[in-house]
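Participant: Sharing a structure, written as structure tokens. Questions coming.
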Amino acid sequence: MPVDPRFYRFGDPLTAGDIARRLGEKPAGDYSCTVTNISEPQEAGPNDLCFFDGKQRDWETFECRAGLCLVSNELDLGTHAPDNLIQTSVPRTSFFDLCHAWISEEAHKDTPPAIHASADVHETAFVSNGAAIGERTRIGPYAFIGPGVQIGRDCEISAHVSVRYALIGDRVRLQAGARIGEDGFGVVPTASGAMHVAHYGRAILQDGVSIGANSCVDRGLIQDTVVGENSKIDNLCHIGHNTIVGRNVLIAAYGGISGSVMIGDGVMMGGRVGIADHVSIGEGARLVADSGVMKDIPPGQTWAGSPAQPVLDWHRQTAWLAKQVRSRRG
Amino acid sequence: MPVDPRFYRFGDPLTAGDIARRLGEKPAGDYSCTVTNISEPQEAGPNDLCFFDGKQRDWETFECRAGLCLVSNELDLGTHAPDNLIQTSVPRTSFFDLCHAWISEEAHKDTPPAIHASADVHETAFVSNGAAIGERTRIGPYAFIGPGVQIGRDCEISAHVSVRYALIGDRVRLQAGARIGEDGFGVVPTASGAMHVAHYGRAILQDGVSIGANSCVDRGLIQDTVVGENSKIDNLCHIGHNTIVGRNVLIAAYGGISGSVMIGDGVMMGGRVGIADHVSIGEGARLVADSGVMKDIPPGQTWAGSPAQPVLDWHRQTAWLAKQVRSRRG
Amino acid sequence: MPVDPRFYRFGDPLTAGDIARRLGEKPAGDYSCTVTNISEPQEAGPNDLCFFDGKQRDWETFECRAGLCLVSNELDLGTHAPDNLIQTSVPRTSFFDLCHAWISEEAHKDTPPAIHASADVHETAFVSNGAAIGERTRIGPYAFIGPGVQIGRDCEISAHVSVRYALIGDRVRLQAGARIGEDGFGVVPTASGAMHVAHYGRAILQDGVSIGANSCVDRGLIQDTVVGENSKIDNLCHIGHNTIVGRNVLIAAYGGISGSVMIGDGVMMGGRVGIADHVSIGEGARLVADSGVMKDIPPGQTWAGSPAQPVLDWHRQTAWLAKQVRSRRG
């Protein structure tokens, strides 16, 4: 999916020739091919620039439909038609370098915010240009609603909340100090060490979502971060970039979900559960408080412990261990 | 204890008949019985509406003095005088549905805040109507003090703090971004999934309390959340709704106390200690950093680990386990 | 190192006689010796007041160059020249009592902030007197920049950030709700229980540092808290007072570093890692997610678990334990 023009503005279209010149590389194919947006590789279309930094074996099964794709010069291109490729040393870094120069925030200079007459915006709150606030929605003291942000009906946005690069459904509750749409924790290697990368995705909170006080939902890198309908998230939680939280999910305090995690519908998480990057939690699974989840969990199962394991194994292990020690105590 | 009228305003008194009609039920007893407030069942008086969602065996020993009590229609009422009861399918949900329609925030429209002449309120801070700020208290930049909030003398309220539905003693320190009095994490089941419930309690911080940066003290559901005299709470801590923290308690960073917990006087908690719902920690107990407490802890004991156990057992277990593995290493 | 006059203002110089009188003690040596600032004992010079609350054996190897040092009256002074000493019962408490009366915030009343013409300060942000904002730096909505704070070039300060008692380098990114320079979690014993102590140090963020949303970097007690060049810290992290984080360190979400910790260059920490007070983490060490570190870790090693141990031991232990339980399952 290309980037949302409500939040990000692109400079002039880039040709393969332009990009190759900036990178000091040469395109494998057509110099005149032109891109106007960016995308994740899986979802890129003919007008999009993307990058591929997977392994050779992923490459072989990868069908790239992007207008232009940056790939590692260590990759054996094999039978891929090279027309839309530029090889370079670190595609991810090159890609974000290009983005930094090419993409800026959409300022919405000439579009005042559209605040419904029935909305109640506290006198100290700030709603930016291009933002829209729906019927009966309340915006609390010192809340900041960023440019282009869309907020639905009957929402409660509490004090000191910040919302940027986000689309918010109806009946959403954001408690005080919630941070919606900040950059994720993404770095790329450069000659001078790790460099923070700008994020071009969005944070999507569907209808009926609650986010607790001082919790953070980062926006996606290029894709979106999504919290599904009616999911309830407690205080001081963290939802990383590109993570998809399903519907009717409950996450208690300090739930920490890393980036690119998939959480199925109806999952219930006790307090202080951590989930590693790229892990998938099946529908209806339950995670006991204090779990540290390092791998995928099948639907409907209950897991516990760190590293997390099925809850019965965890109980058995905990009990067995206590017994061993007790029997040696005397 | 009924709800504090400084924070919540009730609509017209409700009769048993009104309530039964709204729920599509019929009262077991007197249709004309009238309530003007709400309460937890244990503390309800003759003017209060409450709900009971305990088990049959709890019911049998429960003495309800409420004006009106919603109870499950699966309950065998037994020998209870039915005069003050309405049976319904999910009392908790019905109760909060009624409350949502009946209770609103007290707006204090005609009562400007009472700020002592010696108080120092930053030019960017906002003190709402009906609030009171004591002598020499400092209110920092962008702090928000909600309607009806009372703050004592010699307090330091730092930048971006929000305080709502709260009573704050003397010499209290709230560091930047602390969130006092937000809703707790309470949901009730409805036909369309979990529904967030509004909270009608308060957050009480007694004299000499410190709350660290970005920490959260949720207000109670109907009762209060209380932090006792001189207790010191570090950054990024979470105190759940209805929890009572005693006096002279020390809680290091990331201390996460769930709802309805009792923490005795003089308890000391290392960093990142979690405590489950409804647990009791005895006076003077100590919890080692990283403990996950799932059950009550007697006074004066030191516990560690997750799930937490007495610290000597935990040391023994840790050491024994290390030895087992070491002896198999070679 | 004495305290930075950009942030703290001292009353009139104090003589040993003044101090002894206030404490109800008598100086061991010269009554006319004068101090104008405070310092940690190791770094104190001839104009500084400090306190020593170490043990007798530490005292014997301690060379105090302070103008005046408060020491316990239980200490055997031995061969130390007593000229610069005052003995008292609880030196730490007496020291901070004196400081509270002697030191106040520097108000910079007559120095408007120095904001570079190319800086972009949001209309709702507040930059205090005596602060300086460098070229092209952006200050977001409702951000608060405290008196005397220095911020370099090309920084991005997001919404609702507070920065106090801090020096910030170039290219620093502070995400929404970050808290820089609040008091640490320090208490001293008094007759009426634990008393919060004011902090007189600074928070230093070097060039290229990123701090995530709602993360906290406390300022030092007297020394500084430092985050080194190019280190990247995720959301909801906590860096305690007096802690030194090296260069190119990566700390994932919920990284919780207690006070007076040393973290070497290039250390990488997974999510939810906790580190106890006064621990040292060697250069290039790696800490697996969920580690709880209670002791020093040598350079280059990878540790895991809580309490943390070398990662291979942890894997071995985890696997062995799982096997024991599995073999007993059937």
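The values are calculated or read from the model by the stated rules, or taken from the named source; none is laboratory data. Predicted model, so just to flag it, every value in this text is computed and none were measured. Every residue, glycine as well, gets a Cβ built from its backbone with ideal geometry; the counts of neighbours run over all protein chains shown. Keep in mind that these areas ignore ligands, DNA and RNA; they rest on the heavy atoms of the full protein, side chains included. Shrake-Rupley method; radii C 1.70, N 1.55, O 1.52, S 1.80 Å.
Participant: What are the residues in segment C:256-283 that are over 14 Å from the mean Cα position of the chain (by Cα), more than 12 Å from chain B (Cβ to nearest Cβ) and not β-branched (V, I, T), if any?
Facilitator: C:G264, C:D265, C:G266, C:M268, C:M269, C:G270, C:G271, C:S280, C:G282, C:E283
Participant: Among the residues of segment B:16-36, what is the count of those that are in contact with a Ser or Thr (Cβ under 7 Å, 6 or more places away or on another chain), under 18 Å from B:A66 (Cα atoms) and open to solvent by 40 Å² or more (accessible area, probe 1.4 Å)?
Facilitator: Total meeting the criteria: 3.
Participant: Every residue in segment C:284-297 that is hydrophobic (A, V, I, L, M, F, W, C) and within 11 Å of another protein chain (Cβ to nearest Cβ), please.
Facilitator: Listed by number, the residues that qualify are C:V288, C:A289, C:V293, C:M294.
Participant: State the number of residues belonging to segment A:96-117 that are more than 14 Å from chain C (Cβ to nearest Cβ) and open to solvent by less than 50 Å² (accessible area, probe 1.4 Å).
Facilitator: Adding up the residues that qualify gives 7.
Participant: Given the conditions (1) touching a strand residue (DSSP E or B) at 6+ places or on another chain (Cβ under 6 Å); (2) crowded, with 21+ Cβ neighbours inside 10 Å, and given that B:V311 satisfies all but one, which numbered condition is not satisfied?
Facilitator: (2)
Participant: Select from segment A:306-330 the residues that are part of a helix (DSSP H, G or I) and closer than 17 Å to A:G274 by Cα and write down the one among them that is farthest from the other protein chains (Cβ to nearest Cβ).
Facilitator: It comes out as A:V311.
Participant: Separate question: Might you let me know whether segment A:214-225 holds any residue that is open to solvent by 10 Å² or more (accessible area, probe 1.4 Å) and within 11 Å of chain B (Cβ to nearest Cβ)?
Facilitator: no
Participant: Mind checking which pairs have a first residue in segment A:205-217 that is at positive phi and a second that is open to solvent by 10 Å² or more (accessible area, probe 1.4 Å) and modelled with pLDDT of 95 or more, Cβ under 6 Å, 6 or more apart or different chains?
Facilitator: A:G208/A:R171; A:G208/A:E229; A:G208/A:N230
Participant: Scanning segment C:21-47 for residues that are within 16 Å of C:R92 (Cβ to Cβ) and not small (G, A, S), which turns out modelled with the highest pLDDT?
Facilitator: C:I38
Participant: Another question, then. Step by step: first the residues of segment B:62-93, then only those that are modelled with pLDDT of 90 or more, open to solvent by less than 30 Å² (accessible area, probe 1.4 Å) and assigned to a helix (DSSP H, G or I), then the one that is farthest from B:V187 (Cα to Cα). Which residue is that?
Facilitator: Checked segment B:62-93; the qualifying residue farthest from B:V187 (Cα to Cα) is B:P91.
Participant: Return a yes/no flag: does segment C:242-249 have any residue that is open to solvent by 20 Å² or more (accessible area, probe 1.4 Å), modelled with pLDDT of 95 or more and within 11 Å of chain A (Cβ to nearest Cβ).
Facilitator: yes
Participant: Could you please tell me which pairs satisfy a Cβ distance under 7 Å, a separation of 6+ or placement on different chains, a first residue in segment C:97-115 that is touching a residue at least 40 places away in the same chain (Cβ under 8 Å), and a second residue that is assigned to a helix (DSSP H, G or I)?
Facilitator: C:L98/C:I19; C:L98/C:R22
Participant: Taking B:S128 and the conditions (1) within 28 Å of C:L236 (Cα to Cα); (2) within 11 Å of chain A (Cβ to nearest Cβ); (3) open to solvent by less than 40 Å² (accessible area, probe 1.4 Å), which numbered condition does it fall short on, given that it satisfies the others?
Facilitator: Looking at each condition in turn, B:S128 falls short on (1).
Participant: If A:D277 passes every condition in (1) open to solvent by 50 Å² or more (accessible area, probe 1.4 Å); (2) touching a helix residue (DSSP H, G or I) at 6+ places or on another chain (Cβ under 6 Å); (3) under 27 Å from B:C237 (Cα atoms) but one, which one does it miss?
Facilitator: (2)
Participant: Would you confirm whether or not segment A:47-61 contains a residue that is in a strand (DSSP E or B) and of a type in the set (S, T, Y)?
Facilitator: Within segment A:47-61, not a single residue is in a strand (DSSP E or B) and of a type in the set (S, T, Y).
Participant: Within the bounds of segment B:198-211, is there any residue that is touching a helix residue (DSSP H, G or I) at 6+ places or on another chain (Cβ under 8 Å), under 20 Å from A:V161 (Cα atoms) and modelled with pLDDT under 95?
Facilitator: Yes, the conditions are met somewhere in segment B:198-211.
Participant: Within 21 Å of B:N242 (Cα to Cα) and loosely packed, with under 15 Cβ neighbours inside 10 Å: does that describe B:G45?
Facilitator: Judged against the criteria, B:G45 is a match.
Participant: Follow-up question, since we're still on this one. Among residues belonging to segment A:7-42 that are assigned to a loop (DSSP other than H, G, I, E, B) and of a type in the set (D, E), point out the one that is nearest to A:H241 (Cα to Cα).
Facilitator: By that ranking, first place goes to A:E40.
Participant: Which ones in segment A:168-184 are closer than 19 Å to A:S104 by Cα and either among the small types (G, A, S) or open to solvent by 20 Å² or more (accessible area, probe 1.4 Å) (or both)?
Facilitator: Matches in segment A:168-184: A:G181, A:G184.
Participant: Which of (1) touching a Gly at 6+ places or on another chain (Cβ under 6 Å); (2) within 29 Å of B:V293 (Cβ to Cβ); (3) open to solvent by 20 Å² or more (accessible area, probe 1.4 Å) is the odd one out, the single condition A:H238 does not satisfy?
Facilitator: Looking at each condition in turn, A:H238 falls short on (3).
Participant: A further question on this structure: What single numbered condition from (1) without any contact (Cβ under 8 Å) to a residue 24 or more places away in the chain; (2) at negative phi; (3) in contact with a His (Cβ under 7 Å, 6 or more places away or on another chain) fails to hold for A:S260?
Facilitator: It fails just one condition, (2).
Participant: Let me ask something else. Can you tell me which residues in segment A:142-190 are more than 10 Å from chain B (Cβ to nearest Cβ), of a type in the set (D, E, K, R) and farther than 17 Å from C:N214 by Cα?
Facilitator: If the condition is that a residue be more than 10 Å from chain B (Cβ to nearest Cβ), of a type in the set (D, E, K, R) and farther than 17 Å from C:N214 by Cα, then A:R153, A:D154, A:D170 are the ones that fit.
Participant: Please verify whether segment B:2-13 includes one or more residues that are open to solvent by less than 80 Å² (accessible area, probe 1.4 Å) and at pLDDT below 90.
Facilitator: Yes - at least one qualifying residue is present in segment B:2-13.
Participant: Working only within segment A:212-246, note down all residues that are over 19 Å from A:A285 (Cβ atoms) and aliphatic (A, V, I, L, M).
Facilitator: Matches in segment A:212-246: A:A213, A:V217, A:L221, A:I222, A:L236.
Participant: Which residues, taken from segment A:289-305, are crowded, with 22+ Cβ neighbours inside 10 Å, among the aliphatic types (A, V, I, L, M) and part of a loop (DSSP other than H, G, I, E, B)?
Facilitator: Answer for segment A:289-305, where residues must be crowded, with 22+ Cβ neighbours inside 10 Å, among the aliphatic types (A, V, I, L, M) and part of a loop (DSSP other than H, G, I, E, B): just A:A289.
Participant: Note down all Cβ pairs under 8 Å where the first residue falls in segment C:177-203 and is over 19 Å from C:C50 (Cβ atoms), the second is of a type in the set (F, W, Y) and in a loop (DSSP other than H, G, I, E, B), and they're at least six residues apart or on different chains.
Facilitator: C:G181/C:Y165; C:A203/C:Y165
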